[in-house]
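The values are calculated or read from the model by the stated rules, or taken from the named source; none is laboratory data. Treat the numbers as computed from the prediction; the structure is a model and nothing was measured. Glycine gets a Cβ as well: all are built from the backbone with ideal geometry, and neighbour counts include every protein chain shown.
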């Protein structure tokens with residue numbers, strides 16, 4: 001594991017400990033009070049439908065574009081996209097890279113589940129119709145799976161197709177704050193998920209040179225075959 005990956009993993013561990021100890025309590029509460037226009041006591045519930053679909057009939061119309069932007073980082077879509085990238089690597093004989101990225105996706109999702117089961121924060125609250133209402137679903141939402149999957153996917157796409165690096169980075173740059181604005185996660189969740197994704201992606205990056213060399217070799221082979229046919 002390379003040093004940047006170790007630094008990312010250490011950063012994730014520090015953020016997780018800080019969330020558990022309440023160090024982000026003020027920042028997370030401020031974000032609920034000022035950065036989440038659609039937050040409500042029922043807005044953060046998680047169901048099978050919310051996992052599979054980008055929005056429901058109850059989603060405010062102004063929030064729909066944001067939900068669509070986040071959708072590629074959902075479990076089913078990110079899983080399909082990552083699987084497609086790994087299949088591409090496998091077909092091009094970069095099997096170590098394919099296994100590494102697929103394993104990173106599975107491991108990161110497992111860490112997300114364990115984190116949400118074990119790491120808790122003091123329950124945030126909001127003012128609703130003149131009453132202070134607790135928001136318990138924010139109490140066990142660390143780390144953000146959407147942030148993790150988005151970072152991992154953006155790295156993977158950039159490794160495979162360099163020309164898509166800027167669009168992938170732009171998508172990621174908008175997605176991370178949208179996770180807060182759409183009241184999906186508190187800032188500490190997004191930071192933690194992003195660091196988790198970066199740590200795992202950087203750990204997989206050491207497998208990418210083999211794939212790059214293979215793409216270069218195939219590019220050289222194609223003209224040779226064409227010349228052989230014309231000759």
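Details
- Subset of region 1-29 [crowded, with 17+ Cβ neighbours inside 10 Å and not in a helix (DSSP H, G or I)]: 24
- Filter result (in a helix (DSSP H, G or I) and within 22 Å of residue 136 (Cα to Cα)) within region 178-205: 178, 179, 180, 181, 187, 188, 189, 190, 191, 192, 193
- Only listed residue being touching a helix residue (DSSP H, G or I) at 6+ places or on another chain (Cβ under 6 Å) and either in contact (Cβ under 8 Å) with a residue 24 or more places away in the chain or part of a helix (DSSP H, G or I) (or both), chosen from 175, 107: 175
- Of the helices (runs of 4 or more DSSP H) lying entirely inside region 41-92, those carrying at least 1 residues that are crowded, with 17+ Cβ neighbours inside 10 Å and at pLDDT below 90 are 64-70.
- Residue 133, sole failed condition from (1) out of contact with any helix residue (DSSP H, G or I) (no Cβ under 9 Å at 6 or more places or on another chain); (2) part of a helix (DSSP H, G or I): (2)
- The residue list 170, 150 contains one member that is in contact (Cβ under 8 Å) with a residue 60 or more places away in the chain and within 19 Å of the chain's Cα centre (by Cα), which is 150.
- Scope region 95-129; condition touching a strand residue (DSSP E or B) at 6+ places or on another chain (Cβ under 7 Å) and more than 27 Å from residue 14 (Cβ to Cβ); matching residues: 126
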